[in-house]
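Okay, so here's the structure we're looking at.
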Amino acid sequence: MCTDVFIKTVINIICSNEGNYGSVNKDDNLLLNTSSLSIGALQWHGSRAKKLLNLIVSKNEDQAREILSATTIFSDLNRDDDFWDQRTANSLEAEKLSRLLITPEGIQTQDELLEKDINSYIIHGINLGITNMQVLAYFADLENQGGPYIAEGITQAAGKASKITLTEIHEAALLDPVLGPNKPRRNITYTRIINALPASLNINQK
C-alpha cells in the first residue's frame, strides 16, 4: 500500500515539528487543555508517554530503575492513564527521563513506536478515502498534533477525501479552532511536504 520510503518521509516531516530522542517538555499544555509532560522524538504526551516508558523499561528494567532513581517516575508507571494525562515533570525528572530516552533501549523503542504510530495515522487517512500522498502526510501530522477526531474533522471540512489537494486540507486546517492558531507549524509542514513529496503521487502509483 504505502512504501517504507513514504512512511520514513512522513516520520521525518512530523518529527521535525516535535523533538529529538532525548527531548522532554515538562508541561506541554499548548492545545487540548491536557497539562502533562511530552517526551521523545514524537513528543508522546500523557498516557502515550507512559506507554513509551513502559516499553523502554521492559527492555532493561534494572537500567531504568537506576536511571530513574530519586524520582517517583518508575513507581508512577503503575498509575492509570488519567493520572498520566495530568502528570507534569520537574527539572530532575526531566533530566532523568532524557537520560533514559537516549539509551540504546530508549532509541530502539522510539524507532519502533514511531513507525507503528505514524503508520496508524496513514492507515486512518486511507480509510477515510485519502489517496494523494501529500494529503496523507499532512493528515498524519494533523493527527499527531490534534488527535484522530480533529484530523478527521479537518479532512471532512476540506471536501471529498479522495479529491482534496494539499492546499485544500492546509486551508481547512488553518480555519480549525484548535490547530489553526498554530499557523507556523501548519505552514512549515505544508512547505516541507511540497519539498519532500511529488504533488501528483497517489498511493496506487508505483
For Glu112, work out the one condition from (1) closer than 18 Å to Thr189 by Cβ; (2) surrounded by fewer than 16 Cβ atoms within 10 Å (Cβ to Cβ) it doesn't fulfil. (1)
Restrict the check to the range 82-91 and report whether at least one residue is within 19 Å of the chain's Cα centre (by Cα), of a type outside the set (Gly, Ala, Ser), buried (at least 16 other Cβ atoms within 10 Å of the Cβ) and closer than 15 Å to Val57 by Cα. no
Note on Ile56: of the conditions (1) β-branched (Val, Ile, Thr); (2) closer than 30 Å to Thr191 by Cα; (3) not assigned by TED's automatic domain parsing to the domain that holds Gly180, unmet is (2)
Can you confirm whether the range 195-204 contains a residue that is in a helix (DSSP H, G or I), touching a residue at least 24 places away in the same chain (Cβ under 8 Å) and either hydroxyl-bearing (Ser, Thr, Tyr) or on the phi < 0 side of the Ramachandran plot (or both)? yes
Residues located in the range 16-53, provided they are farther than 16 Å from Glu95 by Cα and either assigned to a loop (DSSP other than H, G, I, E, B) or not assigned by TED's automatic domain parsing to the domain that holds Gln86 (or both): Ser16, Asn17, Glu18, Asn29, Leu30, Leu31, Leu32, Asn33, Thr34, Ser35, Leu42, Gly46
Restricting attention to the range 34-63, and to residues there that are touching a residue at least 40 places away in the same chain (Cβ under 8 Å) and among the aliphatic types (A, V, I, L, M), which single residue is surrounded by the fewest Cβ atoms within 10 Å (Cβ to Cβ)? Leu55
State yes or no: is Ala94 in a loop (DSSP other than H, G, I, E, B) and of a type in the set (Gly, Ala, Ser)? no
Inspect the range 106-126 for any residue being assigned by TED's automatic domain parsing to the domain that holds Leu175, small (Gly, Ala, Ser) and either assigned to a helix (DSSP H, G or I) or under 28 Å from Lys59 (Cα atoms) (or both) and give the result as yes or no. yes
Name the residues in the range 60-78 that are assigned to a loop (DSSP other than H, G, I, E, B) and under 12 Å from Thr103 (Cβ atoms), would you? Asn60, Leu68
Could you list, in sequence order, all residues of the range 23-33 that are crowded, with 18+ Cβ neighbours inside 10 Å and modelled with pLDDT of 90 or more? Ser23, Val24, Asn25
Within the range 103-115, is even one residue out of contact with any Pro (no Cβ under 9 Å at 6 or more places or on another chain) and closer than 23 Å to Leu201 by Cα? yes
If you scan the range 111-125, which residues turn out to be touching a helix residue (DSSP H, G or I) at 6+ places or on another chain (Cβ under 7 Å) and either closer than 18 Å to Val5 by Cα or small (Gly, Ala, Ser) (or both)? Leu113, Leu114, Glu115, Ile118, Asn119, Tyr121, Ile122, Gly125
Does Thr189 satisfy the condition of being surrounded by 21 or more Cβ atoms within 10 Å (Cβ to Cβ) and part of a helix (DSSP H, G or I)? yes
Give all pairs with beta carbons closer than 7 Å in which a residue from the range 103-129 that is more than 20 Å from Gly153 (Cβ to Cβ) meets a residue that is among the aromatic types (Phe, Trp, Tyr); count only pairs at least 6 apart in sequence or on separate chains. Gly106/Tyr21; Ile107/Tyr21; Gln110/Tyr21
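The values are calculated or read from the model by the stated rules, or taken from the named source; none is laboratory data. In this text the structure is predicted, and so the values were computed from the model without any measurement. No Cβ is skipped: glycine too gets one built from the backbone with ideal geometry, and neighbour counts run over all protein chains shown.
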